[in-house]
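Heads up, the thing below is written out as structure tokens.
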Amino acid sequence: MEFTAGQIAKILKAKIAGSLKNSFSELITDSRTTGFANNALFVCIKGERHNGHIYIRELYNQGCRVFLVSEEHAYYSELSEASFVKVPDTLAAAQQLAAYKRDLFKLPVAGITGSNGKTIVKEWLWQLLEPDHIVCKNPKSYNSQIGVPLSVWQLNSQHNFALFEAGISLPGEMEKLEALIKPTIGIITNIGSAHNENFKNSQEKTNEKLLLFRNCKTILYCSDYKTIEKGLSAKIFGKKKKISWSYKNKADLRITSSKEKGGATTLKAKYGKKEVVLQVPFSDKASVENCIHCWLFLLHLGYKNEVIQHRISELASLGMRLEMKQGVNNCTVINDSYSNDIHSLSIALDFLKQQKQHENKVVILSDILQSGKDSAALYKEVNRLLKSKKVTEFIGIGKELSAHQHLIEGKKYFFFSTEKFLDALKQNKISFSDSDILIKGARSFEFERIQKLLQQKSHDTVLEINLNNLVHNLNYYRGKLKPGTGIMPMVKAFSYGSGSFEIANALQHNRVNYFAVAYADEGVELRRNGIATPVMVMNPELQSLDQLVQYQLEPEIFSFAILEQFAKHISANKAQLKDGEFPIHIKIDTGMHRLGFEEKDMHKLAEKLNQYPFLKVKSIFSHLVASDDPNFDEFTRGQVFLFGRLSEHLISSLGYPVLRHICNSGGISRFPEAHFDLVRLGIGLYGVGAHTEEQKHLLNVSSLKTTISQIKHLQEGDTVGYSRRGKITKPTTIATVPIGYADGLNRKLGLGAGNLYVHGKAAPIVGSVCMDMCMIDITGIDCKEGDEVVVFDSFETLKKLADTLGTITYEVLTSVSARVKRVYLQE
């Protein structure tokens with residue numbers, strides 16, 4: 001559905017400059033998401049630390065012609081083909097536009113809210129309803145004040161059902177989202193502790209969430225949550241139809257039995273006068289609860305229980321996150337075979353474009369099913385997306401794509417089925433090397449078989465890195481900074497074990513200002529994999545001077561010796577310099593006594609730097625010794641004061657502006673007065689906070705996981721492992737798992753000192769940790785060969801492991817061996 005600039009100006013009662021006739025069908029708020037730019041209205045969101053108006057020219061050059069603005073700039077007149085719709089508040093205006101579009105459609109709309117589980121419930125309901133309905137839903141977890149209008153805007157005349165989740169963090173927010181979603185049926189999942197700090201109490205937060213349902217007809221909920229039950233007793237819900245489920249109270253769906261076995265749970269319940277049974281493919285409490293919400297929803301819609309059972313049994317294979325793994329022939333494989341629609345394709349292509357390690361970008365795509373669009377128009381749009389994201393090679397699989405292959409431009413191959421493509425791959429009729437490959441297909445095409453062939457073979461131990469959580473942590477710390485302060489993430493030591501260029505790609509996409517690495521070869525790897533952000537090398541070595549110049553890596557200068565050597569090298573290679581200068585960073589020792597110039601060196605340092613005008617000082621910095629320890633706060637403040645004084649002296653001697661930075665992760669939150677121009681973000685980025693309160697706001701990034709290879713049943717007197725060190729004193733069930741000290745599992749964890757976790761239950765390590773495997777005691781744990789085993793997957797399990805070893809979390813993270821395959825997840 002298209003709108004013109006003139007139409008939206010009329011809807012918003014706004015002023016317009018430029019053409020009234022420019023049209024658009026999409027809303028975008030992120031200048032980096034450009035797939036729909038030439039058919040979009042760009043909403044210039046302005047916040048405390050960001051301003052969408054600065055990206056107008058960039059979007060215009062990419063084809064965008066309609067802009068929703070709240071600022072006026074002289075250069076608008078230079079963009080002669082553009083339309084500028086001027087409003088006081090662009091976010092409020094975008095919400096108003098989405099509400100207008102929502103009112104154009106009459107269809108069942110489920111509004112979903114709660115503290116936890118709302119995204120899972122929405123996605124599961126989409127999968128359960130997909131065989132019967134064309135469903136509109138939020139992409140990913142677009143449930144915020146910005147995300148909901150973008151989601152609602154997707155509605156078109158082909159949709160016959162909608163699922164929209166809504167999340168809030170402050171009082172007064174849900175009323176705005178309700179006006180956009182206008183649900184006809186509501187689901188509230190649960191009430192937890194998230195965002196408690198912004199509400200007087202849990203009841204106030206519950207009441208705010210329930211406002212999503214103030215105008216809907218039916219509300220589904222679990223009556224075991226007392227604040228929900230109490231909130232729904234309010235007068236505004238008096239005439240609503242309330243349908244509940246419960247483990248312990250009288251309810252429409254009363255759970256009478258719940259038995260867990262082998263990773264699955266069998267639920268028995270009474271629904272009306274009927275006894276109903278459902279087996280769900282999960283055993284953890286949260287997943288079971290989410291399944292019950294879906295069960296009740298489908299029962300309410302009139303689905304037969306046997307149909308529900310069949311569809312819910314397939315939820316086990318549901319992967320809602322995009323996965324990136326190392327592939328064969330030096331390829332990177334990105335698997336996004338969960339859903340396949342035009343919007344999720346655009347999101348996945350953005351992620352593909354974000355990867356800089358290879359120039360060749362390959363997309364393997366299946367037919368897009370139930371799009372609600374004419375096939376020719378649909379695949380023309382696919383072609384436009386492929387071109388805008390610079391895809392170099394396309395593989396189309398399915399009858400529809402094959403029939404419309406003339407609409408796809410560039411290097412392309414088409415196959416009627418997955419089987420035909422696999423045959424071609426196995427016979428080497430088609431092959432890939434040095435490429436970033438996106439695999440995206442509808443579930444019925446079974447693209448997991450393609451992924452299996454293309455990904456690099458590895459053992460079952462993996463380190464999962466959650467890129468969404470990484471960005472969440474980045475934004476948490478970014479929110480602590482005063483406007484104008486930049487961020488320099490530490491990506492040294494393989495990004496604290498998480499990977500180098502993969503992490504840097506995600507951070508570069510989120511516009512960090514600098515990177516810091518320990519050694520030149522780490523910086524070289526970043527450059528070779530397409531990282532263009534400035535890189536500071538903290539330990540430059542004499543043998544790496546050529547690399548520093550060749551790859552534009554900026555060295556830390558910490559002594560007169562390294563200054564003289566580097567100046568000599570640069571002087572001999574001036575022809576290679578850009579603008580006749582090379583950037584360096586000056587390290588001052590304010591108390592760490594590791595590296596750096598001391599106070600007594602300042603006068604001589606200033607003289608030397610002025611002797612070398614071809615060395616441009618980009619930053620002056622120092623290192624806090626104990627920023628996370630309140631016992632040394634006086635010492636830390638002394639460091640900050642000394643750094644301020646010495647750096648000011650140097651800058652005045654140089655006569656030009658220089659960046660300054662001293663804060664590490666701990667200093668960012670505890671010493672805001674020391675932020676200066678940049679902060680260096682290290683362990684906090686990876687989910688480890690400086691103190692308990694900060695830890696509440698951070699998300700875990702890395703999870704080390706393996707699987708059970710074999711299970712044995714042992715008797716008293718048996719022994720386990722080398723030197724018979726694991727002595728069995730009673731009937732015991734042992735599982736062998738493929739992780740050992742060569743993978744980074746410390747030998748000190750043997751003989752019961754450490755635990756691994758199976759289905760959330762601790763399993764002590766029996767005997768010694770071997771090089772490639774270890775054995776754990778799973779007595780009493782319901783599990784089987786192939787089940788997942790967790791080494792750590794949260795701050796709590798990581799910290800417990802570090803405490804057991806008598807070390808710090810840094811060491812545990814950086815000890816994970818490079819042979820353990822990294823799998824990158826993005827929602």
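List of remarks:
- Positive-end extreme of charge dipole, the chain - chosen from Gln826, Leu79, Gly167 (charges on Cβ): Gly167
- For region 677-738 and region 802-827, distance of Cα centres in Å: 10 Å
- Based on the Stokes-Einstein relation at 10 °C and a viscosity of 1.306 mPa s, and on the Kirkwood radius from alpha carbon pairs, region 652-699 is assigned a translational diffusion coefficient of 133 µm²/s.
- FRET efficiency, 1/(1 + (r/R0)^6) with R0 45 Å, evaluated for Leu699 and Asn610 via beta carbons: 0.45
- Label zone at Ser402 (point 7 Å along Cα-to-Cβ), backbone N below 13 Å, region 416-455: 416-424
- Net lengthening on full extension, Leu301/Leu170 (0.36 nm per residue, minus Cα-Cα): 43.9 nm
- Within the chain, percent of DSSP bridges classed antiparallel, to nearest 5: 40 percent
- Packing-based ranking, highest mean first, of 442-451, 244-253, 159-168 given that Cβ atoms within 10 Å are counted: 159-168, 442-451, 244-253
- Here the peptides 521-531, 413-423 are ranked by packing, the mean other Cβ count within 10 Å, and the order with the highest first is 521-531, 413-423.
- Viscosity 0.890 mPa s, 25 °C: Kirkwood-radius Stokes-Einstein D of the chain over Cα pairs, µm²/s: 83 µm²/s
- The chain: relative contact order as a whole-number percent, Cα under 8 Å and 6+ apart: 8 percent
- Cβ crowding within 10 Å averaged over residues, with 17-27, 47-57 ranked highest first: 17-27, 47-57
- Think of the chain as a dipole: +1 on every Lys or Arg Cβ, -1 on every Asp or Glu Cβ, centred on the Cα centre; then among Leu798, Gln357, Phe560, Leu798 lies furthest on the positive end.
- Full extension of the chain segment joining Glu275 with Ser23 gains 85.2 nm, where the gain is 0.36 nm per residue of separation less the Cα-Cα distance.
- Only protein heavy atoms count here; under a 1.4 Å probe, Thr119 has an accessible surface of about 20 Å².
- A cut-off of 5 Å between modelled amide H atoms, ignoring neighbours fewer than 5 places along the same chain, links Val617 with Ile584.
- Calculated from the alpha-carbon coordinates, region 696-800 shows an Rg and a Dmax of 13.6, 49 Å respectively.
- √(5λ) per eigenvalue of the Cα gyration tensor, region 625-713, largest first, Å: 39, 16, 10
- Cβ-derived FRET efficiency at R0 56 Å, Tyr656 paired with Thr692, nearest 0.05: 0.85
- Spatial offset of region 596-612 relative to region 446-489 amounts to 41 Å, using the alpha carbon center of each.
- Backbone HN-Hα couplings from phi across region 570-582 [Karplus 6.51/-1.76/1.60, Hz, Gly and Pro as x]: 5, 4, 7, 10, 4, 4, 8, 7, 7, 6, x, 10, 10
- Scanning residues 5 or more positions from Val679 or on other chains, those with amide H under 5 Å from its amide H are Gly486, Ile487, Met488, with H placed 1.01 Å from N in the peptide plane.
- For region 349-418 versus region 1-34, the inter-centroid distance based on Cα atoms is 28 Å.
- Put a dot 7 Å past the Cα of Asp284, heading toward its Cβ, do the same for Ala532, and the two dots end up 3.9 nm apart.
- D by Stokes-Einstein for region 579-643, Kirkwood Rh over Cα pairs, 37 °C, 0.692 mPa s: 249 µm²/s.
- Within region 730-770, backbone nitrogen closer than 17 Å to the virtual label 7 Å beyond the Cα of Lys784 toward Cβ: 735-736, 759
- Rounded to the nearest 20 debye, the dipole size of region 546-679 about its Cα centre is 360 debye, using +1 on the Cβ of Lys and Arg and -1 on the Cβ of Asp and Glu.
- The calculated FRET efficiency for Phe560 paired with Ser723, based on their beta-carbon distance and R0 = 60 Å, is about 0.65.
- Stretchable slack from Asn160 to Asn196, in nm (0.36 nm times residue separation minus alpha-carbon distance): 9.3 nm
- Computed about the Cα centre, the dipole magnitude for the chain is approximately 2280 debye when only Lys and Arg (+1) and Asp and Glu (-1) carry charge, each at its Cβ.
- Two-site label geometry, Gln203 and Leu805: point separation in nm, points 7 Å out along Cα→Cβ: 4.8 nm
The values are calculated or read from the model by the stated rules, or taken from the named source; none is laboratory data. Bear in mind that the values here come from a model prediction, so they are computed numbers and not experimental data. Cβ coordinates were reconstructed from backbone atoms using ideal geometry, including for glycine residues, and neighbour counts include every protein chain displayed. Side chains are part of the model used for accessible areas, which takes the heavy atoms of the whole protein and leaves out ligands, DNA and RNA. Shrake-Rupley method; radii C 1.70, N 1.55, O 1.52, S 1.80 Å.
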